[in-house]
Structures are given as structure tokens and as C-alpha cells.
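Structure record follows, encoded as C-alpha cells.
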Amino acid sequence: MKSVAICISITLASSLTLAAQAKLKPPHAVKYESYTKLAAQLEGPRHNSLLEADPKLTRVNWESFDESIFARAKREKKLILVDMEAVWCHWCHVMEETTYSNSKVAQLINSKFIAVKVDQDSRPDLSSKWEDWGWPATIILDADGKELVKRQGYIRRENFLPLLKKISKNPIAETPGKKQIAYGTKSALSKDLQAELTQKHISGYDTKYGAWGTFHKYLDADSVEYSMELGLDGDKEAQERAIKTLKGMLNLIDPVWGGVYQYSTGATWDNPHFEKIMEMQANNLKVYSLGYALYKDQEFLKAAKSIAEYLHNFLTSPDGAFYTSQDADLIPGQHSEGYFNLADKERRALGIPRIDKHVYSRENGWAITAMVQLYEATRDPAYLLYAQKAADWIVENRSVEGGGFSHDEPEKDKGFYLGDTLSMGRASLALYEATADRKWLKRAVDAGQFIQKNFGPEKDNNSAGFVTSKSGEAIKFAPVMEENVRVARFYNLLYHYSGEKNFKVLAQEAMRYLATPEIAHKRKILVAGILMADRELASAPDHVTIIGDKKDPSAEQLFIAALSSPVVYKRIDWYDHKEGPLPNSEVEFPTLDKAAAFTCGDGRCSAPAYEAAAVTKLLEKLHNQASM
């Protein structure tokens, strides 16, 4: 998965106590409402209480990011300062309030720099490029787009001014340019690299508190899902890692509104940062749903339902599509621990932290896939309805010619991004699995073809992987590890469902990028995504096919039983002879007088199963045989 997007400070400031926070009066909520109106346009000027109190103070002349700023920088002989922020990010608000509000800082920026403010959720290309540096991330570029300075997190004004003065006088890059990578030719991990990454994954696990890493505590979905896959193969230690992490993450679920806080600081689960971003909601919803399907732990089911309820109540538009995030702060720049310790009525009396109501394809794809997973685990059709309604809206309002998806409204986008079509392609595949409606498989296939055409590697030996966006004249984009993990897994599963061999080749192309040692070595701990992609490309998913009329209740029960079976890497097909052959049929099925289920592989099929309980046993037997 994408590494957790963290708001970073130089020091961990102490939170306000409950008593102090409870003294907030409704006028503060009114002030916050004025902020939400002012911040409706996310790029550009933002709320700043100091500047509002004294309009005479110099403001930073913020602009939106556009390729034209580089030509302007050359004409005006200026550098470009990029403030990459997140609208939900506490320390981004603090830097706006305390650093950029300083008159000396603002005057220097306006005279020597073109200042650009970017909401990272709105620009996946820039977010992927600089995600290791924030949020907030401070990037200073020259007029040719060369990176001169990169700073991570909140910068105090007393430290920021000397930095700006130094680089404006001597615009030389602080670090040398990156060496060109010689990509490998193999589309699988070497034995040595696989062993090395496996050791990183195991040694990076926190045996005391669960999860991977010991500084920030959060649920890394790839690490948990990979551990689940290993656990199904009989690795009890891996299974215990997954379960302990899921139990630890329960501490970061909002007990009042549901949904998950993004992470906790201080190496324990006790110091949450309160932003609720869609990637974390979707990842946790998906993994808790899988956890319940595998382990039948009611706590995991409760957690999954809590996240789904939060999404439905707070991050769902009237049309059924999903919003993007909810802010960590009730009042920007003020810690909100006391607020989140309050009950629902008391919270609402003070106001509700801002919700970013942009509807992005990428975030919706994540949420749709997760909702489908919860439907499969619970058999509750309400969750499938949520997923289908969001998917229908995105298809209607975000589709672009050729099978792809825009990020925001197509006419507003400055280009296409890999993440949107990839996320909606995967969501379409999930909906095909859950409904057997072939229109969703077609959409997944179309998305796969769009990705190949627009984001695939160049036809030469020096390229590998899929890029997050097409490069401009000044800003160049490279493949991103987390996205290529998703690409490899998506194309691999799409190949198995569709039977189109080109998708297998494309999965291998993404894996060739991931299997290059210089790429794999970029992560110290969170390498499970690479290991999982490599593992899945090396084997076929557990496969069950239901034979029967789609109007036959008996066939439907067999299909639902297959969906809810405790398997992570699976393929579920429903063959109704009236619809014609399955897209990737490996065998010729017999004509039966009643609905049945078969597990198939290597050109052979099992004996038919006629009862729902027998379907689960079939899949368990198939998985055990495959893992021997």
C-alpha cells in the first residue's frame, strides 16, 4: 500500500486536555464554518486567523501548480516554492498559522519565489512524487524543474527564513541527482532478494504492540493481508501477526462516529492523530472484513461495520459517491484530543471537523472494493448496494474516452493519473466477482487497456514499471512502488478472470520493476506488497465456478457461499449457459439438472457440490492442495 501519509512536526506538541477543549463555545464553530467556505477552493489562499485579525500583514501570494509557472520563473528569474499540504493535516494548519503568516517570511517569498500551494489529494501525481516528504512538504525548484530543497514536515519561521535566504542567494541542489537505475530483466524476485525482503518483513514486525515499525502505529494493509495469506498456508506466526495487528488497530477506531484515525505516535496505540482519510478507511474496512471472514472474530466484524457506518454517515454524498477525508482539527491548528473524547451530542454542539467533499475516482475505487469485501464477508446486500451506487456515479461522471477515469471533474483535471483508473479498474473487478455481471468485467478490461496505453513503460531497455502520470516539460514522473504493486496484482487477477494473455505480460512488466533490487531496497520494513505480488503472480487463485441459472435460488446460495469462503486470493465465476461461455473457461462443464459448484485447475475439476456448506469445504481442500 501507499506509505501512510503523515502530518509531521519537529516536536510532538502536547494535546489540549478534555476540560480545556470542552470550554469551547459555539462561536468557535461559527468561525470554523467561515473557514470551510473560504477553503472551498483548496488551492490558493487559506484560512489564517492572524491575517484575518490584521489585514495589513503581508500575505503570501499563493498560486496553483501549473506547467506555465516554469516559463514565468525564467522570465522573472525566481525560484518556485511548493507547499504540499493536506486539507485534513494538523501540522499543515499550524505552519499556515505560524510560519507563512509571518510578514518577513511572506515578503521574502513574494520577492524571490513563485509560491505554489497544492492540496496533495487533488494532485495524485505530485503527491506520489513527494509523498516521502510530508505532509506538509516544502519543495523548492528552479525554473527548469530541478529539485533544490526538500523538507519534511512543519518548519518554524525562525528556521524557515534562513533556509529561504540561503537558497535564494545560492540556488544549488542540496543533494546530487539520482543515478539512473539499471532495471532487471526478470519478472520475479530472485531467491536472494525474496529471502532478504522476507527477513525485513518479519524483523520489522513489532512483537510487543503489533503492526510493522515502532514509531508510528497504524495498519499497513499489505503487511496484514500478506500475513493472512501465509497463515492460510499454515504459517501460525504470520497468522498471529495479522491478528495482533488487527486487535491493536481497534484502539484507533472512533468509538462515537466510527471510522479509523490515521495513526498513533509514540510507538503505542494510545496517541492518535485524528484525521480520517479515505485510503485508511478503505484499507481498514477491507482488512477487517477479511479478518472476520478468516477468523470469525466478532470484534473484527464490529470494526468493519463501524467503518462502513462512518463512511455512510459522514463521507457519502447525496448521490451515493464517496467524499475524500475529514480534518483532524475542529479549529485549524488546534489539537482536538478533547473534542474527540466527547460524546456525539457534545461534539455536534461545537461543530463538525471539515469534510473534504471532493469526489475523486481513486478514493471511490478504494471504498468500493472495500465495501464489496464487507458484503462478501457478511452477505449483507446493503454493502453491495453502497458499492454499486458509488460505482455507477463514478462511471457516469468521471469516465473518459478509452476506458479510463479522471480524478476530479474531467474538465477540471490537468491530466490523467494512474491511480484513478487503476483503483476503479480494481473496483470493477471486485464488483464482477460479487455480482457475476459481465458489464463490470468489461469495465475492468477497458481500464486495463487504458492503463497500458497511457501509463505503461517505454519500449526500451531503460524503462520499467508504470508511471503515475505523463511527464511535463519541467516535472518528470517516475513509477511509484506502491502503485506498481497494485498494478501487478490487478493485471494478474484480470488475466485470470478475462483470459487475455496480454494482461499477464503487463503484470510481469510491473513485477520486473518491483524485482529490481534498487527499487525493492527503497523500503526498510514495508515490503509485503512486493512479496505478495510476487507470490500471486507465481500461482493461480483458488477458483470455484457455479453452474446454474442466475434466477435459480439454489445457484445463488452456492455463489454467495463461494464469495464468503475464508480465502484471500480467489476467483469466483458463475456460468449461466444462456450468457454464453465464460470469458476464461478452462474446461467444458457438464449439463446438470440442478445448480452445482466446481473447483477447477490444471484442466481438471472436482466432483460437483450441491450444498452451500460443501462449497466452503471444496475451496478449503483446493487451497490446502495448492499450498502443499
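The values are calculated or read from the model by the stated rules, or taken from the named source; none is laboratory data. Values in this document were obtained by computation on a predicted structure and should not be read as measured data. Using ideal geometry, Cβ is built from the backbone for each residue, glycine included, and neighbour counts are taken over all protein chains shown. Protein only, heavy atoms only, side chains kept; ligands, DNA and RNA dropped before computing areas. Shrake-Rupley method; radii C 1.70, N 1.55, O 1.52, S 1.80 Å.
Data table
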item	result
Cα point-scatterer Debye curve for segment 68-122, base-10 log of I(q)/I(0) at q = 0.20, 0.22, 0.24 Å⁻¹	-0.79, -0.89, -0.97
Solvent-accessible area, 1.4 Å probe, carbon plus sulfur percent, for segment 410-542	48 percent
Translational diffusion coefficient (Stokes-Einstein; Kirkwood radius from C-alpha pairs) of the chain at 37 °C, 0.692 mPa s, in µm²/s	128 µm²/s
Label-point gap, in nm, between K104 and T58 - each point 7 angstrom along Cα→Cβ	1.1 nm
At q = 0.11, 0.17 Å⁻¹, base-10 log of I(q)/I(0) for segment 285-385 (Debye sum, equal scatterers on each alpha carbon)	-0.40, -0.87
Given charges at Cβ of Lys, Arg, Asp, Glu: the chain dipole, positive-most of A267, V587, A387	A267
Neighbour-limited loop hits for trypsin sites (Lys or Arg not before Pro), segment 554-607 (at most 13 other Cβ within 10 Å; DSSP other than H, G, I, E, B)	K594
Descending Cα extents along the principal axes, segment 207-283, whole Å	36, 24, 18
Ellipsoid semi-axes in whole angstrom, largest first, where each is sqrt(5λ) of the Cα gyration tensor of segment 529-628	24, 15, 12
Cα point-scatterer Debye curve for segment 86-200, base-10 log of I(q)/I(0) at q = 0.11, 0.14, 0.15, 0.24 Å⁻¹	-0.50, -0.72, -0.78, -1.51
Cβ-based charge dipole, the chain, positive-most Cα from L161, Y495, G529	L161
Equivalent ellipsoid semi-axes - Cα gyration tensor, segment 346-411, angstrom	25, 21, 8
Relative contact order, percent, segment 69-153 [alpha-carbon distance under 8 Å, six or more residues apart]	41 percent
Percent of C-alpha pairs per 10 Å bin, segment 519-587, short to long	17, 35, 25, 15, 8, 1
Solvent-accessible area of R354 with every protein chain in place, 1.4 Å probe, in Å² to the nearest 10	20 Å²
Spherically averaged projected area in nm², based on the convex hull that wraps the Cα atoms of segment 453-534	5.9 nm²
Charge dipole of the chain about the Cα centre (unit charges at C-beta), most positive-ward option of A328, Q508, L246	A328
Compactness of segment 222-335 - radius of gyration and Dmax, Cα, Å	14.9, 49
Average projection area in nm² (convex hull over Cα atoms of segment 370-465, one quarter of hull surface)	7.1 nm²
Mean residue ellipticity (222 nm) of the chain, computed from DSSP H runs ≥ 4 via -39,500 (n - 2.57), nearest 500	-15000 deg cm²/dmol
Estimated inter-spin distance, V400 and T207, nm [label 7 Å along Cα→Cβ]	4.9 nm
Solvent-accessible area per residue, Å², over segment 97-244 with all protein chains present [probe radius 1.4 Å]	46 Å²
Segment 410-489-segment 256-294 distance, computed between alpha-carbon centres (Å)	26 Å
Segment 99-119 and segment 495-558: distance between their alpha carbon centers, rounded to Å	47 Å
